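Trainee: Sharing a structure, written as structure tokens. Questions coming.
The values are calculated or read from the model by the stated rules, or taken from the named source; none is laboratory data. Quantities reported herein were computed from a predicted structural model and do not represent experimental measurements. A quick note on method: Cβ atoms are made from the backbone with ideal geometry, for glycine too, and the neighbour counts reach across all protein chains shown.
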Amino acid sequence: MTDAGNSRIQKLGPDGNFITSWAAYGYFHWNFNKPLAATVSKSGYVYMADTAHHILKATIDGEIVTEWGRYGSGDLDYFGYLEMTVDENENIYVSASHDHRVQKLNSDGEILKEWGSEGSEDGNFFLPEGITVAKDGNIYVSDSGNNRIQVFNSDGTFIKKMGSYGTGPGEFDWPEGITTDTFGNIYVADAGNHGGEGTFRMSGTETLSAADLDSWLDSLQEGISGRVIVVYDACHSGSFLPSYLRQTKNGSSSPAHPLTSPPIS
């Protein structure tokens with residue numbers, strides 16, 4: 001897994017126990033700086049992408065085999081941070097956010113295909129981030145700035161798009177990480193959405209209103225002599241909290257107090 005703040009990769013066992021880690025902080029040869037993406041290929045190599053325009057290939061034990069990428073505007077140069085995925089044939093797909101493009105590379109870093117440019121038309125991107133290869137070989141890209149998911153075949157031919165800006169099911173506010181399962185279901189990290197004004201998103205179709213939460217807390221408090229404390233991660237703006245009812249039904253102050261994380265500027 002990528003441990004971006006510590007500029008390292010951590011290897012954990014299936015039970016979550018720590019096995020090892022490796023780090024090589026820097027901006028130059030065989031270094032990485034705040035890695036954002038890591039994946040293991042079918043042949044057992046680890047591919048990593050960082051915020052310093054690097055893609056590195058390593059053995060399963062962390063020994064760097066090769067690298068490519070640097071800051072610039074050339075074929076293997078990048079302006080912003082990178083995310084990537086690998087298919088069964090060891091082809092690497094790179095989502096280059098600030099270049100508004102996707103590249104398909106072979107395992108030696110040679111460019112096989114490239115598509116996309118800044119825009120909102122089909123096949124264009126605006127700050128794309130997450131990228132994954134589905135079981136059928138199609139490429140799913142989180143077109144973050146356009147608040148949609150775009151789907152391409154392995155040669156970059158546009159197939160379809162889904163989503164638009166909003167807070168409802170199937171709508172997005174800056175989609176980021178994305179993956180698919182063996183049944184073809186798609187999972188998207190909808191970074192900007194945390195339920196909308198006065199609601200908390202429980203799933204793709206279920207939300208919990210502030211009023212319902214307050215009613216539930218009142219019922220809970222009746223059977224508890226101590227004070228009920230709500231611990232809620234309000235994410236970027238805490239939109240759930242303005243609608244939170246601080247009064248009980250009889251008009252007295254509610255004994256339930258929200259404890260939130262500070263806003264992230």
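Trainee: Cβ contacts < 8 Å: first residue farther than 17 Å from Asn106 by Cα, restricted to region 66-93; second residue part of a loop (DSSP other than H, G, I, E, B) and modelled with pLDDT of 90 or more, any location; separation 6+ or different chain. Result?
Mentor: Gly80/Leu127
Trainee: Next up: Residues of region 138-178 being in contact (Cβ under 8 Å) with a residue 12 or more places away in the chain, assigned to a strand (DSSP E or B) and surrounded by fewer than 20 Cβ atoms within 10 Å (Cβ to Cβ), which ones?
Mentor: Val151, Phe158, Ile159, Lys161, Met162, Tyr165, Glu176, Gly177
Trainee: Quick one: Glu83 ticks every box in (1) assigned to a strand (DSSP E or B); (2) under 17 Å from the mean Cα position of the chain (by Cα); (3) at pLDDT 95 or above bar one, so which box is it?
Mentor: Evaluating Glu83 over (1) assigned to a strand (DSSP E or B); (2) under 17 Å from the mean Cα position of the chain (by Cα); (3) at pLDDT 95 or above leaves (3) as the failure.
For (1) in contact with an Asp or Glu (Cβ under 7 Å, 6 or more places away or on another chain); (2) surrounded by 22 or more Cβ atoms within 10 Å (Cβ to Cβ); (3) over 16 Å from Trp115 (Cα atoms); (4) modelled with pLDDT of 85 or more, each residue gets a yes or a no:
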site	(1), (2), (3), (4)
Ser41	yes, no, yes, yes
Gly44	no, no, yes, yes
Trp68	no, no, yes, yes
Gly72	no, no, yes, no
Asp77	no, no, no, no
Ile92	no, yes, no, yes
Ser95	yes, yes, no, yes
